[in-house]
Structures are given as structure tokens and as C-alpha cells.
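The values are calculated or read from the model by the stated rules, or taken from the named source; none is laboratory data. Remember, predicted model here, so these are calculated numbers, not experimental data. Here the Cβ is made from the backbone with ideal geometry for all residues, glycine too, and neighbour counts use every protein chain on show. The accessibility values were calculated without ligands, DNA or RNA, using every heavy atom of the protein model including side chains. Shrake-Rupley method; radii C 1.70, N 1.55, O 1.52, S 1.80 Å.
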Amino acid sequence: MEKIKVGVLGATGAVGQRFVQMLQNHPWFEITALCASDRNAGKRYYDACRWNLRGDMPESVRDVILQECEPGPDCKIVFSALPSEIAGEVEEDFAAAGYIVCSNARNHRYDPDVPLLIPEVNPEHIQLIDVQRRNRGWQGYITTNPNCSTTHLVSALHPLHARFGITKVFVVTMQAVSGAGYPGVSSMDILDNVVPYISGEEEKMEQKEPQKLLGSFDGEGIRYADFVVSAHCNRVPTRNGHLEAISVEFAERPTQEAIIETWRDYRPLAQQLNLPSAPQPAIIYDDRPDRPQPRLDRLAGSVPGMATVVGRLRPDPLFHFKFMALGHNTIRGAAGGSLLNAELLVAQGYVG
Ligand code: NAP
């Protein structure tokens, strides 16, 4: 198949670089445009971008001339890694101009006609695209992926909710510094320390994203799932990989074996379709007593950084069960999440 032309908005940033890295040698997509702020538009990517990922900047993008973040680039899909201060309007401009926007930014996640997607969890929500196009009169459209900590929380919970019905969730996050972008939290603030506050994070996890993701599409919109979440979000001095301590209550208490079996048998649509970036399996259950750990397990699985690793499942004296979940924040929690969304859109016929 002829490769689909894609662009990256915010290509010089932490998430933008991940997009560039993950799109190298992609079987379906090829980068034809890289965009950044007007401070860097007109420069070579190599000169404007301080490459922060392991390994060298790919040869194929070094000489690409950065464009401004406005409609015009020669591509069909744009991946948005823009700061929320500007993402909202820029993404709308692209969608109105006929581009397919796969966004990491929070601006449109809660719009009633914009899908908030995790391909394993709620692939049927892509039908909101038809509602969005009708409402807004756009040729293009916007899809979003959730916040990095919500992504792994909901990925671990989805098969349990489908089988046992979740009523309450309590989660404490230990979030890596790369989640704050580059240069992010200053070393003087984070070394020898834990910062028990991440602006806006608890609100996203408690009130908005899990309930929309696990909600149902009724033909016109999403009916939010009915369970409560209490979240404590902390920034810790790990570089990549968010670790989460999760307690859950169900409509009826399942057995521990049934939970493990549910995770192990989980093979949702993205895996059945064999999407190129879909990890096989989506959830890795690690039964070693001291795992998962960020440094050792954040790249576990068939597509490094795309799986959610769970472990330490045990009874909880307040709720029914508690466990740990770990996931890579800039791979599955950001760029990889958007990339898998785009793959789902292609597989489901939403990329003309
Ligand atoms: P970042 O490192 O600060 O990068 C921001 C990018 O946006 C850069 O390419 C920058 O280009 C560009 N930019 C800044 N101002 C601009 C403007 N006025 N016009 C056009 N382009 C502009 O940020 P990040 O950490 O990659 O985050 C990007 C988005 O992803 C944010 O919305 C963030 O909330 C979300 N996100 C991040 C993570 C994570 O783990 N980091 C996870 C999930 C979601 P210049 O280099 O030219 O300034």
C-alpha cells in the first residue's frame, strides 16, 4: 500500500520527538512535514531540535525544514504535540481545512463530539467522528488520546470493568519527570524529593477521562460510565514510566484468580486487527513480588513502551483488590497512543 503522508505539530518538543522516532520505518505512514513555533520555522530540524531520545536523530529528518503550525503542509494526518495554550485553536484550523488531527493535548478531550480514544478500550467511540463532522461542517476531524497517567489506569481497568463492573477506584501515581516536557521540573526541585502536586492531573483522572473512556456510545454522544475515582498525583525522580498504586471495588467481589485470568485472556480489537503499534499482549501480568518497576519494565512487551504492565495483585482491606500498574508516559501515554489511534482510524476506514 502507498504510505499515508503525515505531519507532526510541535515536532521539536518531548512528545514531538517521540512521534518522529516512532514514525521511522512505519509500515503505513511517512513523515512529509514537521512543524514548530515561528521561532524555529524555516530552520533545519537538526538545527532547531535538541534531540533528547536515546540514539541519534534519524537521518531522514535532519534536513527537513520546519514549517509553521498552520494548515498548508502536504500531508493527510497531523499528529499534534502542541502545548495546550495553543493546541485548541490550531487543531481546529487543521480539521476545518480537511486534515485528520490526532492530538495529545487536553484541549478537545472533553468536547462531546470528539473521541477520546484508547484503541483497546473504546474503539466504537470513533463513530463520534461522524457526529463531529456533521456538527462542525468539517472535512477533517479531531481525535484525542488521554493523559499519560489515565491511559495506563484505564488500560488496566478496562477488562475488569467489562467483566465485573467497577464502582470505586483509588489511585496514587508516581509520575516520571519526562511527563512535564523538556526541560520540565528543575533538578533542584526533583532530586532527593517527591513533589505531591501536578497541576490539573487529579481533576483529569477523577472527573473526566476514565468515565468518558469507559462510557458507551449511544449514536449521538458518550454516556459516561458511573464510577468514582479518587486520585493522588505525585512527581517522582524517575525519568520515564508512570507507576500507579490502584485499589478497586467492584459491583460484586471477583476472585483473585478471575482477575488474573481476565488480564491474561484480554485480546481486544486493536490486537485482533494486528495494528502495527499494538502490543501483543496489551496487558502484561507480572507475578514477581517486586514488579513492575519503572527502570526495568517500562519497555516490556512486543512493542517497547506500548503495553501496560500490572502486578502485585492482592486483597485490599478497604476496597476489594489492589495492584500496581506501570506504563511508559511519552510512548503509550503520549505519541504512541496517538499513533495507535491513527492506525485504528486507517483500519476502520476513517482515513479516506
Ligand atoms: P514541549 O516539550 O514543551 O514541546 C512543545 C512543542 O510545541 C515544541 O515543538 C514547540 O516548538 C511547539 N510550540 C510551542 N509554542 C508554540 C507556538 N506558539 N506555536 C507553534 N508551536 C509551538 O511539550 P511536550 O511535553 O512535548 O508536550 C506536548 C503536548 O503533549 C502538551 O499538550 C502536553 O500536555 C501533552 N502531553 C505530554 C506528555 C508527556 O509525557 N510529556 C504526555 C501526554 C501529553 P519550538 O521548539 O519551536 O518552541
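Report for segment 1-95 the percent antiparallel among DSSP-assigned beta bridges with both residues inside it, nearest 5. Expressed as a percentage, antiparallel bridges in segment 1-95 total about 10. Remark: the LEU191-ASP290 segment gains 33.3 nm on full extension, using 0.36 nm per residue and subtracting the alpha carbon distance.
Return the loop-located trypsin sites (Lys or Arg not before Pro) in segment 36-66 (DSSP other than H, G, I, E, B) with at most 16 other Cβ atoms within 10 Å of their own Cβ; answer none if there are none.
Values: sites: ARG39, LYS43, ARG44, ARG50, ARG54, ARG62; in loops: ARG39, LYS43, ARG50, ARG54.
Here the sparse-neighbourhood loop sites are ARG39, LYS43, ARG50, ARG54.
Hand me the chymotrypsin sites (Phe, Trp or Tyr not before Pro) from segment 1-71 located in a DSSP loop with no more than 10 other Cβ atoms within 10 Å, in residue order please. The qualifying sites: there are none. Split the accessible area of the chain by element, probe 1.4 Å, and carbon with sulfur accounts for 47%. Which one, GLY55, GLY42, GLY337, has the greatest fluctuation when you compute a Gaussian network model over the chain with C-alpha springs under 10 angstrom? Sorting by GNM fluctuation, first place goes to GLY55. Under a 5 Å amide H cut-off, with hydrogens placed 1.01 Å from N, PHE321 pairs with VAL248, ASP316 among residues at least 5 apart or on other chains.
Once the 1.4 Å probe is applied to the protein heavy atoms, the chain comes out at 42 Å² accessible per residue. Histogrammed with a bin width of 20 Å, the alpha carbon distances of the chain distribute as 32, 59, 9 percent, first bin at zero. Counting only DSSP beta bridges whose two residues both lie in the chain, roughly 40 percent are antiparallel.
Mean Kyte-Doolittle of at least -0.5 and a Cα length of 15 Å or more along the axis: which whole DSSP H helices of the chain meet both?
On the way: long enough: 84-96 (19 Å, -0.14); 148-164 (24 Å, 0.34); 336-347 (16 Å, 1.20).
Sorted by number, the helices that extend far enough and score high enough are 84-96, 148-164, 336-347.
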